[in-house]
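Single-structure report; data block below.
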């Protein structure tokens, strides 16, 4: 595995988290994408973890070249307003992994393992934004409230999606690295904002809205 991160403190943290796993090893670290491309020249690196800010814009050709090798790329996302077009370009380059940079340790580890098995590792909230971006025509984008789930914060939406997948509060807490009390608080707030009275009603609403599962 190779880490491409220009913040040394964050890069060290990534190494600590990943190398704590018995089936993972960080073989190289770089601060910029050209260095990562050069370091993977022998084709031995299975997964490259890189910050989104290092692969956008002028770096997209390098990202495409990296993805053409026997390498899976996990982009640590830095979402913001209007970031959907950039996500489209990143996925078109061949990236199969896209998770928030603020993801918990286990979520990051699970994403790396999925990529090493040639599976995708895509954040459900980001994927939902992408689906809306690709399916919304120019006439429909200005509509102020198209989806009930837009009333939720990102974290509330994550909890609601996991409820729709059938996870218990305890399982959600472990998945998102939250306390049980925090999960219950997000769940209560979500149900109040969406005007539903039970977990079943919440799950039905999430499924009807069509957000992809994590």
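Read the figures in this text as sums done on the coordinates, not as results from a lab. Here the structure is a predicted model, which means the values were calculated and not measured. Heads up, the Cβs are rebuilt from the backbone with ideal geometry, glycines too, and the neighbour counts pull from every protein chain shown.
Can you give the Rg to Rh ratio for the stretch 148-209, taking only C-alpha atoms and Rh from Kirkwood?
Working: Rg = 10.2 Å, Rh = 11.2 Å.
Rounded to two decimals, Rg/Rh equals 0.92.
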If each of residue 7 and residue 106 carries a label point 7 Å out from its Cα toward its Cβ, how far apart are those two points in nm?
-> 2.4
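Subtract the Cα-Cα distance of residue 119 and residue 64 from 0.36 nm times their separation in residues, and report this length gain in nm to one decimal. Present the calculation step by step, with values, prior to reporting the outcome.
Working: separation 55, 0.36 × 55 = 19.80 nm, distance 1.81 nm.
Length difference between fully extended and current span is 18.0 nm.
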Using 0.36 nm per residue of separation minus the Cα-Cα distance, give me the extension gain between residue 148 and residue 171 in nm, one decimal.
-> 5.8 nm
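Dividing the Cα convex hull volume of the stretch 9-113 by residue count, how many Å³ per residue is that? Walk me through the intermediate numbers first.
Numbers: hull volume 10.2 nm³, N = 105.
So the per-residue Cα hull volume is 97 Å³.
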Cα→Cβ-extended label distance, 7 Å offset, between residue 181 and residue 92, nm = 4.8
Determine the relative contact order of the stretch 1-122: mean sequence separation of Cα pairs under 8 Å and six or more apart, normalised by residue count, in whole percent.
-> 23
